[in-house]
Every structure is written in structure tokens, then in C-alpha cells.
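What follows is a single structure, written as C-alpha cells, with notes after it.
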Amino acid sequence: MKNGKKAKSWFIIIIGDKERRGPFEVTRRALILSTACLMIVVAAIAAGSSLLYSRPYISASSRLTGELAVARQTIEETNREKETLSEEIKALQANIKASRERSSSPLAAGKRKEQAVAKVGAKPFVSLEEIQIVYNADNKTLKVRFIIKSQSTDEDYISGYVFIILNPAPGSSASYKSSPVVELADGVPRSYTKGENFSIARFKHIEGVFPSISDRSRYTSASILVYADDGTLRLKKELSL
């Protein structure tokens, strides 16, 4: 450096054990360009490394975005199906209500009773014997007893269900009563399987007990209904009280 001026170049001499290389002139411009190139290379390497490092996360983010879109679509379809099912449930409830109203009408009850009577088999598979009707005024209790006897000739077991129904007198405010207790529709059980079950090869004693009968005259008759296992009414016997 002469006259206070900064050097614009340098000479580099490499001296080894056996030989010497140089001198090599290195200018300031070449040094700046080398430094800039080195910085660009380092920046490129850093950017490439960052891209390689973040690629799995970018892929995972894209996959999650797709799954989120599918989930939203599924939710929308579920909501539409829910609305459709809700409308179907309302329509079904309306049909059930209308059906119950029709079944509770006197005309429908009369038809059910006629159909139940029509189901009575031409040849009953059981008989009712030794029928007794006992009324205890002190306990206000009415009892109906009888023996149900098999009519089978080969002594195989037969089974079914028995109901005893108390029929109110005409004009009476009394309601039908059953033994066993079951829901009735104009004197006919709604479910035959809730009767007293029997399975006999010969016979069985049956007793129906009706408590809280303060006035016997409110009832004029009793009906004994015998159903087969398939729900067919095989025997119906009317008893005067």
C-alpha cells in the first residue's frame, strides 16, 4: 500500500516442503465475487434443506385438508339423512295414531270380536268340565273354577292359553275384567300369549279370581277362551252368572 491508498489486489505465494507455488494475484473484485457466490451457495443449500425438511409436513397438510373436506361432506349427508328420517318418523307416528283411533272405534272392536269368534275351531282340542262359579260377598270376590281336559286320543301333550272374561250387564257402567289381567278390546284379549299357559297330556285345574266385585249383578256372564299356541281361538264357552 503506497501513498495511503488501499490495496486493490494481493499476491499469494504457497510454499511447501519441496516446492513453491505462486505468486497468485487475488483482486478485490474476485474476492467479493467469491464471497457473494459462497453466500449464494450457502443460501441455496439452506433453502433446499428447508424445502426437503418441510415436504412431509406439506404432504400431511394436503392430506388433512382433503380428509377435512370429506368429513364435512359426510356431515352434510348425515344431516340430510337425519332430516329425512325425522320426516319418516313423524309420518309413521301419524299412521300409528290413526290406526289406534280406528282400532278403538266401536265398529272396529265389533269386527275384531266377530273375527275372534270365527276362528273357533270346528272340533275343540280340549273340553271344560266341572265348572264352578263361587261368589263371596264378604270378600267381594268372584271365582271361576274348572278342569281343562285334553281331547287327544294318543295322549300327546297339547298346549295353549286360557282366559276367563267377566262380561258387564247391558247398561252397566262396569268394565270387562279378565283373569289373568290383560288389555282387552271389547272383551277380547289384545295378546293371546298373556293368558294362563297350559301344557297337558290329560287335564289341568284352572281358577280365575276376580277381586273387588261389590255388586255381582253388574256382570251377567263369563266367557272362557282357549287359544292354541298359534293364536287360534279353539274354544269359547259362555257361562251365566
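Please treat every number below as a calculation from the coordinates, not as lab data. Being a predicted model, the structure only gives us computed values, none of them experimental. We place every Cβ from the backbone using ideal geometry, glycine too, and count neighbours over all the protein chains shown.
Does the stretch 122-240 classify as rounded, prolate or oblate by the C-alpha gyration tensor (a ≥ b ≥ c root eigenvalues; a/c under 1.5 gives rounded; else a/b over b/c gives prolate, otherwise oblate)? Here the stretch 122-240 falls in the prolate category. Per-residue packing, averaged as other Cβ atoms within 10 Å, sorts the ranges 76-84, 164-172 into the order 164-172, 76-84, beginning with the highest. Report note on the peptides 129-137, 144-152: ranked by the mean count of other C-beta atoms within 10 Å, highest first, their order is 144-152, 129-137. The alpha-carbon of LYS140 sits under 17 angstrom from the alpha-carbons of these aspartates and glutamates, leaving out residues fewer than 8 places away in its chain: GLU207, ASP215.
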